[in-house]
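The next block holds one structure in the form of structure tokens; read it before the comments.
The values are calculated or read from the model by the stated rules, or taken from the named source; none is laboratory data. Predicted, not measured: the structure shown is a model, and the values here were computed from it. Cβ coordinates were reconstructed from backbone atoms using ideal geometry, including for glycine residues, and neighbour counts include every protein chain displayed. Side chains are part of the model used for accessible areas, which takes the heavy atoms of the whole protein and leaves out ligands, DNA and RNA. Shrake-Rupley method; radii C 1.70, N 1.55, O 1.52, S 1.80 Å.
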Amino acid sequence: QVQLVESGGGLVQPGGSLRLSCTTSGIIFSTFDMGWYRQAPGEQRELVAGITKSGSANYADSVKGRFTISRDNTKNTVYLQMNSLKPDDTAVYYCSALWSGSQYWGQGTQVTVSS
């Protein structure tokens, strides 16, 4: 059974930081590309950051310089470090795993940036 379990979401003030974690099971983690997506109310789901199985990272323009994606293959976990958070970052954040045309999703975790 493939499972992606996210944690670390919550309420934070503008300018604050959060670190999201996504721990996977049921996949050979080191062979998967991983990504973080987000979806705000009334908006389409968008890619925030991705990291390939080889460690190459890419980011949406809106988060470049503020967010960092990383992976720990010994823990089957991908992280999203979010700094300098803005109200526009408020969304449900989803973890995703991609390999050989198959894509799996986590349940989503709410991030709310508000004063």
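Descriptive notes on the structure:
- Looking only at residues in region 50-78 that are of a type in the set (Gly, Ala, Ser) and over 17 Å from Phe29 (Cα atoms), the one that is most open to solvent (accessible area, probe 1.4 Å) is Gly65.
- Contact map, region 93-115: first residue farther than 18 Å from Gly26 by Cα and assigned to a loop (DSSP other than H, G, I, E, B), second residue open to solvent by 50 Å² or more (accessible area, probe 1.4 Å) and of a type outside the set (Asp, Glu), Cβ cut-off under 7 Å, separation 6 or more or different chains; pairs are Ser114/Leu11; Ser114/Pro87; Ser115/Gln13; Ser115/Pro14.
- Region 92-115: number of residues that are touching a Ser or Thr at 6+ places or on another chain (Cβ under 9 Å) and over 11 Å from Gly35 (Cα atoms): 9
- Selection from region 52-66 of residues that are of a type outside the set (Ser, Thr, Tyr) and touching a helix residue (DSSP H, G or I) at 6+ places or on another chain (Cβ under 9 Å): Lys53, Val63, Arg66
- Strands (runs of 3 or more DSSP E) within region 30-78 that include 3 or more residues at pLDDT 95 or above and under 19 Å from Gly9 (Cα atoms): 33-39, 46-51, 67-72
- Subset of region 79-92 (residues that are acidic (Asp, Glu) and either assigned to a loop (DSSP other than H, G, I, E, B) or open to solvent by 60 Å² or more (accessible area, probe 1.4 Å) (or both)): Asp88
- Residues (closer than 26 Å to Ser84 by Cβ and either among the hydrophobic types (A, V, I, L, M, F, W, C) or open to solvent by 90 Å² or more (accessible area, probe 1.4 Å) (or both)) located in region 5-15: Leu11, Val12, Gln13
- Qualifying residue in region 63-73 (condition: among the hydroxyl-bearing types (Ser, Thr, Tyr) and in contact (Cβ under 8 Å) with a residue 24 or more places away in the chain): no
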